[in-house]
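A.B. asks: I'd like to ask some things about the structure below.
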Amino acid sequence: MSVIVVEASRLSLDDVHQLWLQLQYNLVSFIVLSVVLVFGSTVYIMTRPRSVYLLDYSCYLPPSHLKVKYHQFMEHSKLTGDFDESSLEFQRKILERSGLGEETCVPEAMHYLPPRPSMAAAREEAEQVMFGALDKLFANTNVKPRDIGILVVNCSLFNPTPSLSAMIINKYKLRGNIRSFNLGGMGCSAGVIAIDLAKDMLQVHRNSYAVVVSTENITQNWYFGNKKSMLIPNCLFRVGGAAVLLSNRSVDRRRSKYKLVHVVRTHCGANDKAFKCVYQEQDDNGKTGVSLSKDLMAIAGGALKANITTLGPLVLPISEQILFFVTLVAKKLFNAKIKPYIPDFKLAFDHFCIHAGGRAVIDELEKNLQLLPVHAEASRMTLHRFGNTSSSSIWYELAYTEAKGRMRKGNRVWQIAFGSGFKCNSTVWVALRNVKPSPNNPWEDCIHRYPVELN
């Protein structure tokens, strides 16, 4: 357009007259060309992917009276009278090896003797976590609740009627034409699924805000039996949640923290072992809990391999892709004993947010991806300070990186999570500026104490 304006300013009246005569003789060609240009430009503008920006997010910080130390956890478990000596000893060993610290929190109902796991208590936990995160999010961004056009809530084990998304709509009086979704039963990787759904919705609805709320509910899902594989979640899962504000408005780019680059989802549910490796069921005494299979880490490794096979070509430098391809071909054609080449993802990402599912999960990914201790630091410290907060853990980890002042403009972040089904899901973000922690960051009062030495 600039070139056309400059050239047009140089034309004399005679030049304009000659141009008009030329157009008269080639009128049909001119009209056809104009229609093609206009139509092509319109199709491009209407179908190109809209950028999705992350304005801000907030993580719920439980009140200090909900904290549970090791000795309190064990003493409380003993006094409930539901666990035999073998189960108590098993829980003690899991706690010692878990990587959890002394400041993780369990819901109010679990602090009573005997515990009071009711529907009302579960609703209260959900409200405290979701509303606590959303209040901070709206305060930090100055976005009014009625401006939200899309709402996605994910919580795996607690799905009341009306839904959790309806609870949020009622609390904040969101508008009547809001597109709301409630994702249940999708495990610890559902936070990435929720982001993917919000992204797809933002491709359809112009000039919209989307809020994603990721949490888990413990109150009604504590296991009071003696089956070892079902006792592990008691020792690892803790109270937590996060709220994320996304936008597709170009004017929001300036004040946004990150831009969404990729979402890659892998589902291994067609395999029976993978499907049942994280499985909610009743034990022989009719007590409900979530059972974790001994094959969990092997299945997670297979899901990770499938996920990074898709993600790698999208993010890795060409040199790494060539090395991976050559090694793969050589292994197939010449020698099955050749070890597959593991791409160096440190060349593609500056920060890693590995789902804080447990110490073994973090160790396995650090080993398989050949990461340095600093790359897994955010995950280990999140597990230590907050425990396994399910789908929200990757946001506590991102908040840790920001609180440490490590996020610089152009840095790429890889969030990776595992969940029942079995699923492995990844999101990739790029920082749009040097990111500082938002007010009321969950690490605000303790970041000076981290990293801590772990046994």
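The values are calculated or read from the model by the stated rules, or taken from the named source; none is laboratory data. Remember, it's a predicted structure, so these values are computed and weren't measured experimentally. Cβ coordinates were reconstructed from backbone atoms using ideal geometry, including for glycine residues, and neighbour counts include every protein chain displayed. Calculation scope for accessible area: heavy atoms of the full protein, side chains included, ligands and nucleic acids excluded. Shrake-Rupley method; radii C 1.70, N 1.55, O 1.52, S 1.80 Å.
A.B. asks: Sort the following peptides by mean Cβ neighbour count (other Cβ atoms within 10 Å, averaged over residues), highest first: 267-279, 188-200. Write out the running numbers ahead of the final one.
C.D. replies: Values: 267-279: 16.1, 188-200: 24.7.
The packing order, highest mean first, is 188-200, 267-279.
A.B. asks: Spin-label point model (7 Å from Cα, Cβ direction): what's the residue 409 to residue 433 distance in nm?
C.D. replies: Reported label-point gap for residue 409 and residue 433 is 1.0 nm.
A.B. asks: Return the sequence-ordered ³J(HN,Hα) values of the stretch 404-419 in whole Hz as given by the Karplus equation 6.51 cos²θ - 1.76 cosθ + 1.60 applied to θ = phi - 60°, using x for Gly and Pro.
C.D. replies: Ordered by residue, 3J(HN,Hα) equals 7, x, 9, 8, 10, 4, x, 5, 9, 10, 10, 9, 10, 9, 10, x Hz.
A.B. asks: Same structure, new question: Stokes-Einstein at 37 °C, 0.692 mPa s, Kirkwood radius from Cα pairs: D for the stretch 359-432 in µm² s⁻¹?
C.D. replies: 252
A.B. asks: Give the residue from 311, 321, 422 lying farthest towards the positive end of the charge dipole for the chain; charges sit on Cβ (+1 for Lys and Arg, -1 for Asp and Glu) and the dipole is referred to the Cα centre.
C.D. replies: Farthest towards the positive pole: 321.
A.B. asks: If you don't mind, another one. Under a Cβ-only charge scheme (Lys and Arg +1, Asp and Glu -1), can you give me the dipole magnitude of the chain about the Cα centre, in debye to the nearest 20?
C.D. replies: Computed about the Cα centre, the dipole is about 760 debye.
A.B. asks: For residue 170 and residue 118, FRET efficiency with R0 = 22 Å and r from the beta-carbon atoms, rounded to 0.05?
C.D. replies: 0.60
A.B. asks: Find the all-direction average of the projected area of the Cα convex hull for the stretch 192-253, expressing the result in square nanometres with one decimal place.
C.D. replies: In nm², the orientation-averaged hull projection of the stretch 192-253 is 5.8.
A.B. asks: Net charge near residue 89: determine it from the other residues with C-beta under 12 Å of the C-beta of residue 89, scoring Lys and Arg +1 and Asp and Glu -1.
C.D. replies: It works out to a net charge of +1.
A.B. asks: Could you tell me the calculated FRET efficiency between residue 20 and residue 259, based on Cβ-Cβ distance and R0 = 51 angstrom, to the nearest 0.05?
C.D. replies: That pair, residue 20 with residue 259, gives E of 0.65.
A.B. asks: Distance cut-off 30 Å, Cα to Cα: go down the list 67/346; 144/259; 257/423 and report the pairs above it.
C.D. replies: Working: 67/346 36 Å; 144/259 21 Å; 257/423 27 Å.
67/346, as the Cα separations exceed 30 Å there.
A.B. asks: Any chance you could run the full-extension gain for residue 4 through residue 275? It's 0.36 nm times the residue separation minus the Cα-Cα distance, nm to one decimal.
C.D. replies: 91.4 nm
A.B. asks: Given a 1.4 Å probe, how much area per residue of the stretch 52-449 is accessible, in Å²?
C.D. replies: 43
A.B. asks: So, one more: Taking all protein chains in place and a 1.4 Å probe, what share, in percent, of the accessible surface of the chain do carbon and sulfur account for? Walk me through the numbers before you get to the answer.
C.D. replies: Numbers: 12820 of 22440 Å².
C and S fraction of accessible area: 57 percent.
A.B. asks: Once you list every other residue whose beta carbon is under 15 Å from the beta carbon of residue 123, what net charge do they have if Lys and Arg are +1 and Asp and Glu are -1?
C.D. replies: Net of charged neighbours comes to -3.
A.B. asks: Also, I was wondering about something else. Please list 236-246, 375-385 highest first by mean number of surrounding beta-carbon atoms within 10 Å per residue.
C.D. replies: Descending packing order for the listed peptides: 236-246, 375-385.
A.B. asks: Ratio of alpha-carbon Rg to the 2.2 N^0.38 Å globular estimate for the stretch 52-449, to two decimals, please.
C.D. replies: Rg over 2.2 N^0.38 Å, computed on Cα atoms: 0.97.
A.B. asks: Could I have the simple spin-label model distance between residue 314 and residue 251, label points 7 Å from Cα toward Cβ, reported in nm to one decimal?
C.D. replies: 3.0
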